[in-house]
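S.K.: Take a look at this one; I'll ask things after.
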Amino acid sequence: MASVKEMDTYAKLWMKEAGTRLRASFKTKLNIEMKTNPNDLVTNMDKGIEKFFCEKIGEAFPEHRIFGEEGMGNDIKDLKGTVWIIDPIDGTLNFIHQQRNFAISLGVYVDGIGKIGMVYDVFSDELYHAIKGQGAFLNDQRLPSLEEASVSKAIISINASWVTENRRIDPSLLAPLVRDARGTRSYGSAALELAFVAAGRIDAYITMRLMPWDFAGGVLLVEEVGGEVSNIKGDKLDFLKGDSLFVSKPGLHKEVFDKYLSGNSSR
Ligand code: 2AM
Ligand code: CA
Ligand code: CA
Ligand code: CA
């Protein structure tokens, strides 16, 4: 069986090579297609990078399965064995509009347990990586454990859509949290927002709808520095169907659930 170290070494190399390809693509004309609606876009690079990972993983670890956003891997209905959960570009709108604030996200799960989590901030050339039980790193420098935080001193990442009319949550629940926090931000890449929580750059990230490839890599980063990870109800995440997500420094979960989310009935 492949060792975690072996998978980690390959994954890092592939992340860097994929990042180089993405940076090179800034000089080329993108082919942009619509997926489910006019704001849900995919480019030739999303597909090309997912294909790149599928080929590399298939060569190195032919028995492993792949769960990727663009559907070039396997049809995944369970997490038995080793499954690579991949988002080739997280933050495609940022990739198209800004050429920054997007990431490649990768998680390696063995029988449903996260073993390796990686998020590569391609524009900044910052590779975040975590190995279960061994800590989290930013460009190979160990990230320190997160310190306790409170809402009044917290910078919270949240998309404005969750405090306006939406189908997922009563906006009057999160609006007081936005008001009471020191500040709010929205970066448009769930994987990066998870990495920023792990690095202590923001104190929490809350969102109502993500797919497994958006968070499979990043949640391991947060866990390895002692952060708190759950869905918006406080339950474990669903790595097959996707879920809402609430990650934070220690202490913030309890405060947010007690003061702001006790009346929440959404998923
Ligand atoms: P993407 O760029 O890979 O599609 C934007 O706020 C974040 O939400 C990004 O991480 C984006 O990932 C993700 N996202 C976009 N559309 C989504 C959808 N329909 N369901 C879940 N996550 C989505
Ligand atoms: Ca997408
Ligand atoms: Ca994504
Ligand atoms: Ca994507």
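S.K.: Residues being buried (at least 24 other Cβ atoms within 10 Å of the Cβ) and within 13 Å of ligand 2 (Cβ to nearest atom): count how many of those fall in the range 70-86. Reasoning before the result, please.
M.R.: Pass one, the range 70-86, residues buried (at least 24 other Cβ atoms within 10 Å of the Cβ): 83-86.
From what's left, within 13 Å of ligand 2 (Cβ to nearest atom): 86.
Residues flagged as buried (at least 24 other Cβ atoms within 10 Å of the Cβ) and within 13 Å of ligand 2 (Cβ to nearest atom) within the range 70-86 amount to 1.
S.K.: Report yes if some residue within the range 94-110 is among the polar types (S, T, N, Q) and under 22 Å from Ile232 (Cβ atoms); otherwise report no. Please lay out each step first, then the result.
M.R.: Applying the first criterion (among the polar types (S, T, N, Q)) to the range 94-110 yields 94, 98-99, 101, 105.
Filter once more, so that each one left must be under 22 Å from Ile232 (Cβ atoms): 105.
Taking every residue of the range 94-110 in turn, at least one turns out to be among the polar types (S, T, N, Q) and under 22 Å from Ile232 (Cβ atoms).
S.K.: Further question on the same structure: Anything in the range 174-210 that is of a type in the set (Gly, Ala, Ser) and in contact (Cβ under 8 Å) with a residue 60 or more places away in the chain? List them, or say none.
M.R.: Of everything in the range 174-210, those that are of a type in the set (Gly, Ala, Ser) and in contact (Cβ under 8 Å) with a residue 60 or more places away in the chain turn out to be Gly188, Ser189, Ala190, Ala191, Ala195, Ala198, Ala199.
S.K.: Which of (1) among the β-branched types (Val, Ile, Thr); (2) more than 16 Å from ligand 2 (Cβ to nearest atom); (3) buried (at least 18 other Cβ atoms within 10 Å of the Cβ) does Ile89 not meet, given it meets every other one?
M.R.: All conditions are met except number (2).
S.K.: Could you give me the residue pairs with C-beta distances under 8 Å whose first residue belongs to the range 246-267 and is closer than 23 Å to Glu193 by Cα and small (Gly, Ala, Ser), whose second residue is modelled with pLDDT of 95 or more and part of a helix (DSSP H, G or I) wherever it lies, and which are 6+ apart or on separate chains?
M.R.: Filtered contacts from the range 246-267: Ser248/Val197; Ser248/Val256.
S.K.: Go through Val119, Val42 for me and flag whichever is part of a strand (DSSP E or B), farther than 19 Å from Leu194 by Cβ, within 16 Å of ligand 1 (Cβ to nearest atom) and not assigned by TED's automatic domain parsing to the domain that holds Leu194.
M.R.: Within the list Val119, Val42, the selection yields Val42.
S.K.: Sticking with this one: Tally time: how many residues in the range 70-107 are within 20 Å of His129 (Cβ to Cβ) and either within 15 Å of ligand 4 (Cβ to nearest atom) or touching an Asp or Glu at 6+ places or on another chain (Cβ under 8 Å) (or both)?
M.R.: So the count comes out to 16.
S.K.: Mind listing whichever residues of the range 45-73 are over 14 Å from Asp90 (Cβ atoms), among the acidic types (Asp, Glu) and in a helix (DSSP H, G or I)?
M.R.: Scanning the range 45-73 gives Glu55, Glu59.
S.K.: Oh, and also: Could you list, ordered by first residue, the pairs with Cβ atoms under 9 Å in which the first is in the range 142-155 and farther than 16 Å from Lys132 by Cα and the second is aromatic (Phe, Trp, Tyr), at least 6 apart or interchain?
M.R.: Val151/Tyr260
The values are calculated or read from the model by the stated rules, or taken from the named source; none is laboratory data. Since this is a predicted model, take the numbers as computed values, not measurements. Backbone-built Cβ (ideal geometry, glycine too); neighbour counts: all protein chains shown.
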